[in-house]
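The values are calculated or read from the model by the stated rules, or taken from the named source; none is laboratory data. In this text, all values refer to a predicted model and were calculated from it rather than measured experimentally. No Cβ is skipped: glycine too gets one built from the backbone with ideal geometry, and neighbour counts run over all protein chains shown.
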Amino acid sequence: MTDLTRRALVQGGTALGAAGALTGPALLDWAKAWAQNNQWKPEKGAKLSMLRWKYFVQSEDDAFVKLIEAFTKTTGVKVEISRESYEDVQPKASVAANVGTGPDIFWGLYSLPHLFPQKCVDMTDVAEYLGKKYGGWVDSAVKYGHNGNRWICIPVCYTGALINYRIEASKKAGFSSFPDKTDAMLEYAKAMKAQGTPGGMALGHASGDGNTWVHWALWSHGGQTVDANDKVIINSPETAKALEFAKALYGHMVPGVAAWNDSSNNKAFLGNEISWTNNGISIYVAAQKSAKDIAADMNHAYFPIGPVGKVTELHLMFPMLAMTYTKYPQACKALMSYMLEADQFNPWLEAAKGYLTHCLNAYDNNPVWTADPKTTPFRDVAKRSLTAGGLGSVGEKAATAIADFVVLDMFANYATGREDVKGAIAIAERQLKRIYR
Amino acid sequence: MTVAILKSRLAKRPIQEPTTWDRLKTNKSWLGAWFMLPAAVFLILFLAYPLGLGVWLSFTDTRIGRSGIFVGLENYEWLSGDSTFWLSVFNTLLYTSVASVIKFAVGLYLALLLNERLPFKAILRAVVLIPFIVPTVLSAIAFWWLFDPQFSIISWSLKSMGLITENINFLGDVWNARWSVIFANIWRGVPFVAITLLAGLQTVSPSLYEAATIDGATPWQRFRFITYPLLTPIIAVVMTFSVLFTFTDFQLIWVMTRGGPVNATHLMATLSYQRAIIGGNLGEGAAISTAMIPFLLAAILVSWFGLQRSKWQQGEAND
């Protein structure tokens, strides 16, 4: 190295001293340590582009940008971030995988990497390193992360979908907290409606809120779309029971849920129109800012347990993958491992205010989960979540079934009285058989 | 002297038969074909090719990101037994026919009104155009709020007046939702019909009306025997476009209901998008959009042969 200038130092991924000097001694020390121990040295002159889902909580994105900037300062690797609504990440990633060009890194929803497992950079070393260092991965993350016996993505985080409810109204109806059994939930919903404080959950084409609660309703009664071999088994007495439950519940909801999209329940809850619903933590975060009385009078609860007697929740998983066509696989790995290191991940998790939940057990200790007890339920959503497709595989078929609202339409068809039980199940069965053929 | 030189030169040059190339060089049709080439390339590249590709995809099992194999009519067979698809066909036909008829009636009425002597005529005409200028997505979001199950200003006003006790379930009830989206479409489509018909009305010579008035024709007779016949060609064109736009509508529905409640407002265009882009099943989505083509062709043919029988089509004057 004869022409050792400051510029070369900053740009060349090895020169951490100069980069660190720009941001104070603490980060310098940490960056130095990280760089020395980092097993994945970014390629020389590496530049990355990333497509991520568009944020719901602004402070989360701000912290994310800060994290990426720190990575750039530490390694000299520039990262260009673009954002798309989370439903649109999947088609873009699929096309990029197909044509072999596009962003190096995609951060999408549910089983995105399983749509093209051969096109994903093998992340086994990164995942194992992180798992070992941070108390291991939760079960559902292992399932989402694996293709065969290798990791094809890094399951970065979940977004929890839990019950949001108003405390005072519930007490008035005779419930000190949200019921933990489905039968009791029906009583609760009935009592709440009777006293003029009804709730509601989306039965319109709401990709997030709609899908999470109907899958819970199906699974909690023992219904499944497919078995472990991806054979369609939706046509079962258990599914019928789930439908009856949902119809009864629908009767106790506020009118109009069949038209709801993902934002409708947020608006209605914050507008004092409903007193219970299912949602991420975004209602609470918004209420803390603009409706402090609601924030003080609301809490979160897990979905009630159904006749199957165990937890049957579906939460939104956000896996991150690198494409094999990237010229800088080592830089991709460095970035992903960097993101999930405690010094980076903890502040980010805090900034997300409970909207994001970690998949690495060690982060249970993050103060965000205990500083405010109302966020605590979201700590465990990664551990509680089942995977898309239920018993079946987490691949493309499960993704299509969710994207095409097969289960959601089945519930809406029966709850609104458009179809009888048999008709609603038959339509879903026909669609599923085509998807899983 | 000069004449002699010329003569000798001419004599030296043998008279040649014009070659094919010579003929082509001076052939106007040949030249015309070349001038048309850029336009033809554009049309083929951006219209014919995508259309052909769409039809081809509908015969395959292509998914996003993965090319498929030829499966013949499998997609169509599957759709023929798919109740959601037939529901979307019904919705599309209902949506198109109701919205088009009302758009025509209201549009014609507005056009006749604006053609009268009115104070502030120019401003009024500009105002009528407003719904058409507003981006569709914006107006769709406005309607979505107007029809919100909880926060509708309509429900709120009626409740404040004591006319109703509960919010109207605009988008959550099957038929309410259908009428709501049809209303939004009409609101958006009327200006196009009105302004175009107004343009047509202005071409009708006032002398015809004067003559009719002298002959003692009533206003209805003047409309029936002068305005209507002379307006027919414009009506045909406007209604063709109006039907085509309505039939292929996407944005209004997608923003307001996403096809809900329970697929009650799913149009063929929105269902095609849901299956092809969101669900990833390009082949099936392409089959749904290809299934729209016969309907569109029928709409065009009806207006072309039904409404445009007048002689102006052949370049003659109207009766």
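Within segment B:152-167, not a single residue is assigned to a helix (DSSP H, G or I), in contact with a Leu (Cβ under 7 Å, 6 or more places away or on another chain) and buried (at least 20 other Cβ atoms within 10 Å of the Cβ). Just so you know, in segment A:68-110 the residues that are more than 14 Å from every other protein chain (Cβ to nearest Cβ), hydroxyl-bearing (Ser, Thr, Tyr) and free of Cβ contacts under 8 Å to residues at least 60 places away in the same chain include one that is farthest from residue A:315 (Cα to Cα), and it is A:72. For segment A:201-251, a tally of residues being assigned to a loop (DSSP other than H, G, I, E, B), within 24 Å of residue B:255 (Cα to Cα) and of a type in the set (A, V, I, L, M, F, W, C) returns 4. Among the residues of segment A:420-437, the one identified as within 7 Å of chain B (Cβ to nearest Cβ) and not aliphatic (A, V, I, L, M) is A:434. Taken together, the residues in segment B:276-297 that are part of a helix (DSSP H, G or I), at pLDDT 90 or above and not acidic (Asp, Glu) amount to 13.
Within segment A:273-294, count every residue that is farther than 16 Å from residue A:55 by Cβ, without any contact (Cβ under 8 Å) to a residue 60 or more places away in the chain and not basic (Lys, Arg). Number satisfying all stated conditions: 6.
Taking the conditions (1) more than 14 Å from chain A (Cβ to nearest Cβ); (2) touching a residue at least 24 places away in the same chain (Cβ under 8 Å); (3) under 30 Å from residue A:270 (Cβ atoms) in turn, residue B:138 satisfies each one other than (2). All conditions in (1) among the aromatic types (Phe, Trp, Tyr); (2) in contact with a Leu (Cβ under 7 Å, 6 or more places away or on another chain); (3) in a helix (DSSP H, G or I) hold for residue A:338, with the sole exception of (2). Within segment A:381-419, if we keep just the residues that are within 13 Å of chain B (Cβ to nearest Cβ) and not in a helix (DSSP H, G or I), the residue that is surrounded by the fewest Cβ atoms within 10 Å (Cβ to Cβ) turns out to be A:417. Among the conditions (1) more than 24 Å from residue A:384 (Cβ to Cβ); (2) within 14 Å of chain B (Cβ to nearest Cβ), the only one that residue A:244 does not satisfy is (2). Residues in segment A:44-77 that are surrounded by 15 or more Cβ atoms within 10 Å (Cβ to Cβ) and among the basic types (Lys, Arg): A:47, A:52, A:73.
The residue list A:257, A:226 contains one member that is in contact with a Gly (Cβ under 7 Å, 6 or more places away or on another chain), under 19 Å from residue A:304 (Cβ atoms) and either surrounded by 18 or more Cβ atoms within 10 Å (Cβ to Cβ) or of a type in the set (S, T, N, Q) (or both), which is A:257. Taking segment B:119-136 as the range and being surrounded by 11 or more Cβ atoms within 10 Å (Cβ to Cβ) and either of a type in the set (Val, Ile, Thr) or touching a helix residue (DSSP H, G or I) at 6+ places or on another chain (Cβ under 6 Å) (or both) as the test, the residues that pass are B:125, B:127, B:128, B:129, B:131, B:132, B:134, B:136.
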